[in-house]
Structure formats: C-alpha cells, structure tokens
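Structure first, then comments.
The values are calculated or read from the model by the stated rules, or taken from the named source; none is laboratory data. Just so we're clear, the structure is a prediction, and the values are computed from it rather than from any experiment. Reconstructed Cβ throughout: ideal geometry from the backbone, glycine too, with neighbour counts over all protein chains shown. All accessible areas refer to the heavy atoms of the entire protein, side chains included, with ligands and DNA or RNA removed. Shrake-Rupley method; radii C 1.70, N 1.55, O 1.52, S 1.80 Å.
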Amino acid sequence: MDVMKGIRVPERLYKGVLWLVSIVFAAFLVGLGNLIIGDLPQVQAELNRDQYVETAEVKQLRGQISALDEERSALDDRRELLYIQQRQAAEEKQSATETFEAWIKTRSATTDPTQDPEVIARTRVLEQLQQNERSISSSINALDTEATELSQRRSVISEQLYDAEDAGVPAYERAYFWQELQVFGLRLLITLPMLGIAAWLIVKRRKGEYWPISRGFVLASVFVFFVELVPYLPSYGGYVRYSVGILLTFAAGHFLIKNMRQYLAQRQEVEQKAEEERRKLVSHDEAFKKMSSSVCPGCDRPIAKMEGTESNFCVHCGMTLFDRCVSCETRKMAFFRFCMSCGTTAETEVDKPAPAT
C-alpha cells in the first residue's frame, strides 16, 4: 500500500527538513529559557540559615560554652601535671621505703644505739613523702570534681543553645518557602504566556504557512512546562501539587470530551450527506493516508475485509472505495486521479455518460 501514500518524495523530504527546523528552533528556545530561568534565583538575595538562627541569645550561649571549654582545657592541663607529680611522688616514696627497710635490717643486725636519731629522721622523711603523695591525690580528686561540674554546666547550656537555635528554624523555613514561591511565580510568569501562545498557535496557525516555526515554539513551551516548571511546583502539604494536577486533568478531560462530541456530531452530520458531497470534504492526500491504514476516508472506521470478496464499498457509510477504470476496467482505488494501467483520467459520476436505454 506504499503507492497509496500519495506524497511526493521531495515533499516528504521537505517535511522532514521542516521537522528538523522545528526541533532546532525549539532547542535554541529551550537553551535561552534555561539561561533565563537559571538566573531567576539571583534576583533575590540568598537566604542564610545563620541569619535566623544566630540570635543574640545564641551568641551569648555559644560564648558561655566556649568559656567553659577553655576552662576545662586549663583544668585538664593542671590535672595532667598533677598526674605527673603523683607518679614522681609515688616513685620517690617507693625508693625511700625500700632504702628505709634495707637500713632497718642493717641496724637490727648491728644493734647500735647511736643510730636511733637517724631512724627517727628517716621515718619522718618517709612520712613526709607519703603526705606529699596524699596531698597530690587530694588535688587530683578536687580537679575531677570541678571537671564534673563543668561538664554538667556545659550540658545544661548546650540544651539551652539547641532550644534557642531550634526557635529560629521556623522563621528561616517560612522565609525560604516564600522565596521559593516567588521564584516559582517568576517561572510561572514566563511559562504561562508561552503555553498560551502555544495553544493559540495550535488552534489558529496549525495550517499556516509558518507552522514549522510555530511548531518549534510549541515544542519548546511543552518542554519548559514539564521540565522547568512542573518539577518545581511548591509543595505546601501536597495541596498545591495535587490541586494543580486535578485542575490540569479536569481541563484535559473536558477538552477531550468536548472535542470527541464535536467530532462524533460532525461525522454523523457528514454521513447523512450524499456521497458526492462527502467525497468533496476529503482531500486527495488525506484519502491516500487513510486508505493506506485500511481506514475509510468517509467515516474513519476500519475497512471490512472478507476472504474471497472484494471490498469496494464501506460497509458503515457506503462510500465507494474501489471502482474500475472506464477505459480498461482495471480495479483501482476510487480516489485515483488517473488509472494506473492505462492512464485514463478518472471520471466522476457527473462526468460519466448516462447508460443506454
């Protein structure tokens, strides 16, 4: 059925090139739109979370925590120094104890009474070393207690800081939401006029001379709508997104139902006319396209086919689909302008001679 397409090869090539022009034109429009829409956030100052979270109270609490951290760091240094001193005192006490015990054994062996004052002196030195170790341990315990108090104070202030920061988050989220809504509004101001112009071009200029250029604009508008607008629909609890979806679905359904009713009413009105009038409403190229798809050009219903029979007429509307050449009787499509066997011009019913009586 390729011969029934009825479209000249240069014409098909020309249409392909025009489609390429439409796509290239749409691509440039989309690129320009991306640049414009991408620069929209620069219209407003960039929001910073710290502008709403870093209040005077937050800064004061941060200062208190910083002071506590510095105090804790100094305390840790002092405690580390005491630990070193404690180890040294323990080593000195251990050494003195061992020396004292060895000396006591020697004194017991000699039993020299003149050594009694030295025993007392050595005992006092050993007691002094033990007292020094106990003093260092007490200082370490005091520092541990102070460190625990600092940790508790820091924990309380940290909770206050968290609450103070959390108090500024709602204001930041509201400001961010309104900024996004304004940017979306700017996107909408760019996209809606494009969609309106695209709809007008489809309705009014679809058969116009410059339709390929208009078609490129329509393609760009559809791309901008679905890629640059729909993914950025603000979601306020889902209400905005679903409301827009409901409205678009209702509008599309209403448009399709209305056009289907108009189409059915038009087809019913056309089918009531005489065949000659209906044939005048079908263009030559349109008839070839529909016949190549096994569709009746008169009623758009499938052409009925039965094995062993020739379908010359539409069983639904009665339109003549195939007839025979008046010269050579070759079966041909009724919309052929010339016979494909002998080249005789196809005649209409008006031009045919009246049958002999």
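Here are a few things to note about the model shown:
- Hey, E228 modelled with pLDDT under 85, part of a helix (DSSP H, G or I) and open to solvent by 50 Å² or more (accessible area, probe 1.4 Å) or not: no
- Which numbered condition E165 misses (of (1) among the acidic types (D, E); (2) open to solvent by 80 Å² or more (accessible area, probe 1.4 Å); (3) at pLDDT below 85): (2)
- If you go through segment 196-220 and keep only what is touching a residue at least 12 places away in the same chain (Cβ under 8 Å) and open to solvent by 50 Å² or more (accessible area, probe 1.4 Å), you end up with I197, I202, I213, L219.
- Looking across segment 279-314, the residues that are more than 45 Å from the chain's Cα centre (by Cα), closer than 21 Å to Q266 by Cβ and open to solvent by 40 Å² or more (accessible area, probe 1.4 Å) come down to R279, K280, L281, S283, H284.
- Scanning segment 130-166 for residues that are free of Cβ contacts under 8 Å to residues at least 40 places away in the same chain and within 30 Å of Q51 (Cα to Cα) yields Q152, S155, V156, E159, Y162, D163, D166.
- Reported count of residues in segment 12-33, each being over 30 Å from the mean Cα position of the chain (by Cα) and without any contact (Cβ under 8 Å) to a residue 24 or more places away in the chain, is 6.
- Conditions (1) open to solvent by less than 60 Å² (accessible area, probe 1.4 Å); (2) of a type in the set (A, V, I, L, M, F, W, C); (3) modelled with pLDDT of 80 or more: number failed by A171: (3)
- Failed criterion for G237 (all others in (1) at pLDDT below 75; (2) assigned to a helix (DSSP H, G or I) hold): (2)
- E276 under 21 Å from F338 (Cα atoms), at pLDDT below 85 and open to solvent by 60 Å² or more (accessible area, probe 1.4 Å): yes
- The set of residues in segment 311-339 being more than 25 Å from Q272 (Cα to Cα), part of a loop (DSSP other than H, G, I, E, B) and without any contact (Cβ under 8 Å) to a residue 40 or more places away in the chain consists of C325, V326, S327, C328, E329, T330, C339.
- For R267, the stated conditions hold: it is at pLDDT below 80 and either loosely packed, with under 12 Cβ neighbours inside 10 Å or in a helix (DSSP H, G or I) (or both).
- Here F25 passes the criteria (1) over 30 Å from R174 (Cβ atoms); (2) modelled with pLDDT under 85; (3) in a helix (DSSP H, G or I) except the one numbered (2).
- Any hit, segment 204-222, residues being out of contact with any His (no Cβ under 9 Å at 6 or more places or on another chain), among the hydroxyl-bearing types (S, T, Y) and modelled with pLDDT under 80: no
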